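Colleague: So that we are looking at the same thing, I have put the structure below in structure tokens.
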Amino acid sequence: MIEGALEAAMAFFPRGTTQYLVGGVMVAAGIAVIYLGTAIIPGNSTFLETTLSYVSKVSRFNRPSYLASRDWRVVFALSIVAGAALWGLVLDPGPFVTRVQPWRLFGGGVLVGIGTRIGKGCTAGHGVCGLGSASVTSLVNVVLFVGVAIVTATVVAALGVTP
Amino acid sequence: MSRGADASDGSTDRHPLFLPLVVLGGLIQGFGLAYSGMARPEVVLDFLQFDDLGLILVMGGAAVVSGITFFVATTFLDRAPLTGDRYTRRMRSMDRNVAIGGVVFGVGWGVSGICPGAAYASLGIGNLPILWGIAGMFIGAYLQGYWRSRIRTDAAASVTADD
């Protein structure tokens with residue numbers, strides 16, 4: 001009975017589960033290292049706005065809190081690139097190139113940029129740190145973006161766009 | 001990035017281990033994002049179409065571990081060693097923008113399969129087309145910042161000049 005249920009559940013994980021659990025714990029470990037040392041909860045989408053302050057005079061990007069954190073946020077983002085390269089290019093060599101079409105990456109990216117900044121966070125800020133803080137605000141945001149994304153991806157696929 | 005620039009930006013002098021810790025945290029998180037497969041838009045899009053639910057394990061696992069980290073730090077620890085700041089949870093006020101942002105982000109995520117942190121990691125695994133997505137995110141973040149700075153200026157101006 002239990003074995004049957006487990007087998008049925010595994011049908012939803014055709015690539016297995018290990019890499020997801022290990023990867024998720026590492027994402028949290030990276031956040032924890034910075035948090036325990038500095039009490040800063042490092043999200044990933046604030047970087048977009050703070051970095052724009054280097055090239056734009058728009059007042060929103062030049063708030064004191066943004067100017068004070070923009071350098072370490074650049075360092076953080078570059079370190080994420082480097083950490084990913086350590087796995088993707090060194091330990092598991094062979095670069096990955098997505099087959100998702102450029103217009104999807106670009107158009108979706110624009111909406112991600114707008115939405116994460118209006119909504120005060122992204123998958124890391126709301127999805128990991130906010131949910132980990134039992135924040136109702138983050139729960140509302142996550143339920144909305146996951147639900148809307150499921151509908152959107154389903155519609156895009158139904159329209160025959162692959163990938 | 002000099003200390004002088006930091007001081008003029010309003011931040012206090014940083015502990016010498018501040019940036020190294022940010023690098024370490026970024027490396028771990030980037031490695032985890034790549035290892036988990038989240039740096040591949042295809043894996044995210046598979047989740048959104050219920051073909052592979054692995055993303056739940058990544059985000060859920062990371063949220064649980066972050067929740068434990070936040071609980072331990074806010075309950076048993078006093079101040080962060082490198083900044084002297086108190087540990088807090090990630091709380092954001094609830095307003096209409098949280099919902100609007102979540103919906104816009106959801107459409108973008110569903111179209112592209114990318115979110116900010118995973119996109120940085122995607123560059124690290126050699127996925128050059130992700131630059132379309134990262135460029136889109138910066139443009140989106142710029143558009144919302146420009147627009148929000150405008151409406152704030154307009155609101156201030158309308159007090160004195162009514163045009």
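Colleague: How large is the dipole of region A:44-163 about the Cα centre if only Lys and Arg carry +1 and Asp and Glu carry -1, each at its Cβ, rounded to the nearest 20 debye?
Modeller: 360 debye
Colleague: Restricting attention to region A:46-91, which trypsin sites (Lys or Arg not before Pro) occupy a DSSP loop and are surrounded by at most 10 other Cβ atoms within 10 Å?
Modeller: A:LYS57
Colleague: Between region A:89-121 and region B:55-87, how many Å separate their Cα centres?
Modeller: 27 Å
Colleague: What shape does region B:67-163 take by its C-alpha gyration tensor, where a ≥ b ≥ c are the square roots of the eigenvalues and a/c under 1.5 counts as rounded, a/b above b/c as prolate, and the rest as oblate?
Modeller: It is oblate, given that a/c is not under 1.5 and a/b is not larger than b/c.
Colleague: Now for a different question. Need one number: nm distance between label points at A:ARG99 and B:LEU53, each 7 Å from Cα along Cα→Cβ, rounded to one decimal.
Modeller: 2.6 nm
Colleague: Net charge around A:GLY119, counting only other residues with Cβ within less than 12 Å of its Cβ (Lys, Arg = +1; Asp, Glu = -1)?
Modeller: Within the 12 Å Cβ shell, the charges total +3.
Colleague: Using alpha carbon coordinates only, what is the Rg to Rh ratio of chain A, with Rh defined as the Kirkwood radius?
Modeller: 1.00
Colleague: Project the alpha carbons of the protein assembly as shown onto their principal axes and report the range along each, largest first, in whole Å.
Modeller: Computed over the Cα atoms, the extents are 68, 51, 37 Å.
Colleague: What is region B:52-163's relative contact order, in percent, from Cα pairs under 8 angstrom and six or more apart in sequence?
Modeller: Worked out over region B:52-163, it gives 11 percent.
Colleague: To the nearest 20 debye, what is the magnitude of the charge dipole of the protein assembly as shown about its Cα centre, counting +1 on the Cβ of each Lys and Arg and -1 on the Cβ of each Asp and Glu?
Modeller: Approximately 660 debye in magnitude.
Colleague: Can you give the net charge of the other residues whose Cβ lies under 15 Å from the Cβ of A:ALA11, counting K and R as +1 and D and E as -1?
Modeller: Taking every other residue near A:ALA11 into account, the sum is -4.
Colleague: Follow-up question, since we're still on this one. For Cα pairs less than 8 Å apart in space and 6+ apart in sequence, what is the mean separation divided by the residue count of chain A, i.e. the relative contact order in percent?
Modeller: Here the relative contact order equals 20 percent.
Colleague: As a test of the formula, what do you get for chain B when each DSSP H run with n ≥ 4 contributes -39,500 (n - 2.57) and the sum is divided by the residue count, at 222 nm and rounded to the nearest 500 deg cm²/dmol?
Modeller: After summing the helix terms and dividing by residue count, I get -23000 deg cm²/dmol.
Colleague: Measure nothing but the geometry: give the 0 to 90° angle between the long axis through the Cα atoms of A:136-158 and the longest principal axis through the Cα atoms of chain A, rounded to 10°.
Modeller: Taking Cα atoms only, the helix is inclined about 60 degrees.
Colleague: Kindly compute the accessible surface that chains B and A hide from a 1.4 Å probe when together, both sides summed, and give it to the nearest 100 Å².
Modeller: The B and A chains share an interface burying roughly 10200 Å².
Colleague: So if each residue of separation counts as 0.36 nm, and I subtract the Cα-Cα distance between A:TYR54 and A:ASP92, what length gain in nm does that give?
Modeller: 10.2 nm
Colleague: Moving on to the next point. With springs only between Cα atoms under 10 Å apart, run a GNM on chain A and tell me which of A:ARG63, A:ARG117, A:ARG15 wobbles the most.
Modeller: Of A:ARG63, A:ARG117, A:ARG15, the Gaussian network model singles out A:ARG15 as fluctuating most.
The values are calculated or read from the model by the stated rules, or taken from the named source; none is laboratory data. What you see is a predicted model; the values in this text were computed from it and never measured. As a convention, Cβ positions derive from the backbone with ideal geometry for all residues, glycine included, and neighbour counts pool all protein chains shown. Side chains included, ligands, DNA and RNA excluded: accessible areas come from the protein's heavy atoms. Shrake-Rupley method; radii C 1.70, N 1.55, O 1.52, S 1.80 Å.
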